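**Q** Below is a structure I'd like to ask you about.
The values are calculated or read from the model by the stated rules, or taken from the named source; none is laboratory data. Treat the numbers as computed from the prediction; the structure is a model and nothing was measured. All Cβ positions, even for glycine, are placed from backbone atoms using ideal geometry, and neighbour counts span all protein chains on display. Side chains are part of the model used for accessible areas, which takes the heavy atoms of the whole protein and leaves out ligands, DNA and RNA. Shrake-Rupley method; radii C 1.70, N 1.55, O 1.52, S 1.80 Å.
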Amino acid sequence: MTLDPGVWGVLATPLTADGSAVDAESLARQVRHYESIGATGLTVLGVFGEAARLTPAERRTVVETVVASSDRLPLVIGISALKLDEVVAEAANVLPAVGSRLAGLMVQVNSSDPDALSNRLNEVADRTERQLVVQDYPVITGIRIATADLIAAVRAVPSAVAVKSESSPSPPAVAELAAGLDVPIFGGLGGTCLLDELAVGAAGAMTGFSVPEGLLACVAAYRSGGFEAAREGWRDYLPLVNFEFQAGIALGLRKRSLVLRGLISYDAVRAPGAVPPESMLRLLEEHLRRTPGAL
């Protein structure tokens, strides 16, 4: 069993105005929106969900809220830790709330050595008794693995059901992974390379973007009309995609976008996330006004 192709939206974790707690009502609203627009599934507690900045109790609240807010969408649950015991503890904290909705635990690449990586992933699978999505995101982990070595590692992990490839430049990595593995490959990086990833074999997107309708439109157009149709449909969303993915303020921009769209109530972020300068917030509104269906 592998993940279904399509768009797996990465949920932002809405916080209260002062950033001190999870805003469960806003989170539920965001989940219902993804369900209403036809997302394939949801990724919970991902990097853009600020999972590493949440307490264990807050992570449980997030998962419980998501599960209660939709009875249909399958879930990928992100794990932030790299060390084996910490990975298992993170999983144990939230798994009771997920039940049959779990499509896979998303576990980070933690070694550049393919044998060490496959051994660790198999240990995680054995100890959690769950399927795994392997995430390669070296900007976050600080660990780089050659694509050929990642292929070798994933081939040796029977429980692997997908790879989320976020090693830049992503299209060459996605092309090699898609050719070398039997599990689906999903792009991330805010959708910045979505069209090219689809063209070289990606199964879809597993990423956060404040107007996920654009991700869905691009993937659907590629399926029905190929590269040209997807390029045409994606073009109007690209300025906002690129604008939202600015280093250091990306999360703040995306949360402000979600506020302006009425999907969450507050745009608070936790350190080291930063509040974007006012000049960027004004420009963000201009981008939103010109993005199909955003406002």
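**Q** May I ask what percent, to the nearest 5, of DSSP beta bridges between residues of the stretch 7-235 are antiparallel?
**A** Beta bridges within the stretch 7-235, antiparallel portion: roughly 5 percent.
**Q** With a 1.4 Å probe and all protein chains left in place, how much of the accessible area of the stretch 67-150 comes from carbon and sulfur atoms, in whole percent?
**A** 47
**Q** Please give the per residue accessible area of the chain, computed with a probe of 1.4 Å over protein heavy atoms only, in Å².
**A** Heavy-atom accessible area per residue stands at 39 Å².
**Q** Give me the distance between the Cα centres of the stretch 261-295 and the stretch 39-112, rounded to whole Å.
**A** Comparing the Cα centres of the stretch 261-295 and the stretch 39-112, I get a distance of 25 Å.
**Q** Provide the gained length on full extension for the span A247 to E64, in nm with one decimal, where the gain is 0.36 nm per separating residue minus the Cα-Cα distance.
**A** 62.8 nm
**Q** Rank M280, M106 by accessible area, highest first, at a 1.4 Å probe radius?
**A** So, going from the largest accessible area down, we get M280, M106.
**Q** Of A153, P114, I185, which is farthest on the positive side of the dipole of the stretch 82-232, counting Cα position, with +1 on Lys and Arg Cβ, -1 on Asp and Glu Cβ, and the Cα centre as origin?
**A** Farthest towards the positive end: I185.
**Q** Sort 138-146, 249-257 for me by packing, meaning the mean count of neighbouring Cβ atoms within 10 Å per residue, highest on top.
**A** 249-257, 138-146
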